[in-house]
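K.L.:
To start, I am sharing the structure in question, which I have written as structure tokens.
The values are calculated or read from the model by the stated rules, or taken from the named source; none is laboratory data. All values derive from a computational prediction rather than experimental measurement. We place every Cβ from the backbone using ideal geometry, glycine too, and count neighbours over all the protein chains shown. Heavy atoms of the whole protein, side chains included, go into the accessibility calculation; ligands, DNA and RNA do not. Shrake-Rupley method; radii C 1.70, N 1.55, O 1.52, S 1.80 Å.
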Amino acid sequence: SHRVGIELAWNQELGGVEGKQLQHRISGGEWLPVTDDFISEPQQGLDVVTTIDMHLQDVATSSLKKQLEKHEAGWGIAVLMEVETGYVRAITNLTRSESKSGKVYYLESYNHALGSAVEPGSTFKLASLMSCLESGKIQLNDSIDTGKGIAFFHNRSMKDSNWDQGGHGKISLEQVFSMSSNIGSALAVKQCFSVEPQKFLDGLQKIGVTNPLGVNLVGEGTPQVYTSVGEGAWSGLSLTQMAIGYEVTQTPLQTLALYSAVANNGVMMKPVFVTETRRKGETVSEFAPQVVNDRICSSKTLDACKKMMESACIPGGEGTAANIFKTSPYTVAGKTGTCKIANNGSYDEGRYRASFTGYFPAEDPVYSCIVVVSDTKSGSYYGSTIAAPVFRDLADLIYATDPKFHEILDEPLLAQNERHLPTANNG
């Protein structure tokens, strides 16, 4: 089978070195060693210690697979990362395949999380509104008139998801994010940068969404983000299109790194898959957490971004993920995304990519996670109904099994106080 992922990237270390020995040929074409000694000794390959937690990997894979099957999707990914270290605890990539008899199954055939640089859609609103806040020209509680949910930029219409119900009207910037208003995001970027659009592109560069992360795996996709006004296919529409995550591409891992950086107080970490190499149980080399960008934005902007992401997920609120975590014992901050799928320069009718990116617990983040489900055939395509449940399954399991989230009570067992109860320490 062809090597992929960690096996491919660490092939040399895993493979070891073949030895050399003097041999001579005997009858029948066989080779016989001249002596038992080697000219150069063979070296056993190293063991590679990965960051993956098999327990979480298992849940990520089965939960994602369930959603892909239910919605007959083309492919999907889920990545779970530790906020502070960038250590990837689970990563699963599943792509739809059909047997000759027409049976559909999902298998790990391509690392979309690492390699597929695609238009992110609404999850990119975090970067665009972060730039707006950083410019100082708009605040979280400033109001934006999104009208009746349909607006025109350079004679091209843009719609909010509730345009058929009359739109959102006047809402605050925080609500623009939590309700995922396209028009609100476009107007905010226009208000802050229409005079000098280059400053918007400079802002995105400062945040760190224009470069690959340089992860230690083969095949990282290169993000496409204009760095100067007028390059490539830049047009009068580009500013407002980029505001809502079109005309830019990011890999899911690059999107996750940004959300994780907000959770990590503005420090962007490189996703890490291998912590050390070992030979016969002894450590040969260690790989520490690595910082990609030590300050994505000011602390004031950071606080505003955290607030925006929390309000998108408040149970019973008006955010796009308001109903997902209503029974969860932990808090979440994040963003749903729904994006039309581009095909040769135009968008196919009825084809979408749904995503959810976020972190938890919101007040003291430990993990960040991204889920993307692409090309569903079920008629459902919103990030909240398709991608967020996979995030929730992972978060539920972590919350239930990780001692970090629970106070250990230092009290005698009930059975020791009430003598008549039998003691049971198992379970």
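K.L.:
Restricting attention to strands (runs of 3 or more DSSP E) lying wholly within the range 93-188, give those where 3 or more residues are within 26 Å of residue 239 (Cβ to Cβ) and of a type outside the set (A, V, I, L, M).
P.N.:
In the range 93-188, 156-159 are the strands (runs of 3 or more DSSP E) which contain 3 or more residues that are within 26 Å of residue 239 (Cβ to Cβ) and of a type outside the set (A, V, I, L, M).
K.L.:
Within the set of pairs 6 or more residues apart or between chains, which connect a residue that is under 30 Å from residue 285 (Cα atoms) and in a strand (DSSP E or B) inside the range 14-38 to a residue that is modelled with pLDDT under 75 and small (Gly, Ala, Ser) with Cβ atoms less than 8 Å apart?
P.N.:
Filtered contacts from the range 14-38: 17/40; 20/40.
K.L.:
Kindly provide the set of residues from the range 195-216 that are open to solvent by 20 Å² or more (accessible area, probe 1.4 Å) and of a type in the set (A, V, I, L, M, F, W, C), ordered by number.
P.N.:
If the condition is that a residue be open to solvent by 20 Å² or more (accessible area, probe 1.4 Å) and of a type in the set (A, V, I, L, M, F, W, C), then 195 is the only one that fits.
K.L.:
Take the range 335-347 and flag every residue that is on the phi < 0 side of the Ramachandran plot and either modelled with pLDDT of 80 or more or open to solvent by 40 Å² or more (accessible area, probe 1.4 Å) (or both).
P.N.:
The answer is 335, 336, 337, 338, 340, 342, 343, 346, 347.
K.L.:
One residue is enough: does the range 220-229 have a residue meeting the conditions over 25 Å from the mean Cα position of the chain (by Cα) and in contact (Cβ under 8 Å) with a residue 24 or more places away in the chain?
P.N.:
Yes, there is a match, as at least one residue in the range 220-229 is over 25 Å from the mean Cα position of the chain (by Cα) and in contact (Cβ under 8 Å) with a residue 24 or more places away in the chain.
K.L.:
Could you grab the pairs with beta carbons closer than 6 Å, sequence gap of 6+ or different chains, first residue in the range 80-105 and without any contact (Cβ under 8 Å) to a residue 12 or more places away in the chain, second one open to solvent by 20 Å² or more (accessible area, probe 1.4 Å)?
P.N.:
From residues that are without any contact (Cβ under 8 Å) to a residue 12 or more places away in the chain, the pairs are 98/104; 105/97.
K.L.:
Out of 78, 127, 90, which single residue is within 22 Å of residue 194 (Cβ to Cβ) and either touching a Cys at 6+ places or on another chain (Cβ under 9 Å) or modelled with pLDDT of 95 or more (or both)?
P.N.:
Matching residue, one of 78, 127, 90: 127.
K.L.:
Right, another one. Would you confirm whether any residue within the range 138-147 is over 22 Å from residue 226 (Cα atoms), touching a Cys at 6+ places or on another chain (Cβ under 6 Å) and surrounded by 14 or more Cβ atoms within 10 Å (Cβ to Cβ)?
P.N.:
yes
K.L.:
In addition: On the basis of being part of a strand (DSSP E or B) and open to solvent by 40 Å² or more (accessible area, probe 1.4 Å), does residue 354 make the cut?
P.N.:
Criteria not met by residue 354.
K.L.:
Restricting attention to the range 275-288, does a residue exist that is at pLDDT 95 or above, touching an Asp or Glu at 6+ places or on another chain (Cβ under 8 Å) and more than 29 Å from residue 149 (Cβ to Cβ)?
P.N.:
No, the range 275-288 contains no residue that is at pLDDT 95 or above, touching an Asp or Glu at 6+ places or on another chain (Cβ under 8 Å) and more than 29 Å from residue 149 (Cβ to Cβ).
K.L.:
Another question, then. What residue, among those in the range 271-329 that are more than 30 Å from residue 45 (Cβ to Cβ) and among the basic types (Lys, Arg), is least open to solvent (accessible area, probe 1.4 Å)?
P.N.:
By that ranking, first place goes to 306.
K.L.:
Related question: Which one of these does residue 235 not meet: (1) under 29 Å from residue 183 (Cα atoms); (2) in contact (Cβ under 8 Å) with a residue 40 or more places away in the chain; (3) open to solvent by less than 30 Å² (accessible area, probe 1.4 Å)?
P.N.:
Unmet for residue 235, out of (1) under 29 Å from residue 183 (Cα atoms); (2) in contact (Cβ under 8 Å) with a residue 40 or more places away in the chain; (3) open to solvent by less than 30 Å² (accessible area, probe 1.4 Å): (3).
K.L.:
Among the numbered criteria (1) under 30 Å from the mean Cα position of the chain (by Cα); (2) open to solvent by 30 Å² or more (accessible area, probe 1.4 Å), which single criterion is violated by residue 192?
P.N.:
The failed condition is (2).
K.L.:
Restricting attention to the range 106-137, report how many residues are open to solvent by 30 Å² or more (accessible area, probe 1.4 Å), over 17 Å from the mean Cα position of the chain (by Cα) and among the hydroxyl-bearing types (Ser, Thr, Tyr).
P.N.:
Total meeting the criteria: 2.
K.L.:
Is it fair to say residue 384 is part of a helix (DSSP H, G or I), at pLDDT below 90, open to solvent by less than 80 Å² (accessible area, probe 1.4 Å) and not hydrophobic (A, V, I, L, M, F, W, C)?
P.N.:
Against the criterion (part of a helix (DSSP H, G or I), at pLDDT below 90, open to solvent by less than 80 Å² (accessible area, probe 1.4 Å) and not hydrophobic (A, V, I, L, M, F, W, C)), residue 384 qualifies.
K.L.:
Being surrounded by 11 or more Cβ atoms within 10 Å (Cβ to Cβ), of a type in the set (Asp, Glu), under 27 Å from residue 263 (Cα atoms) and modelled with pLDDT of 75 or more is true for just one of 47, 53. Which residue is that?
P.N.:
So the residue among 47, 53 that is surrounded by 11 or more Cβ atoms within 10 Å (Cβ to Cβ), of a type in the set (Asp, Glu), under 27 Å from residue 263 (Cα atoms) and modelled with pLDDT of 75 or more is 53.
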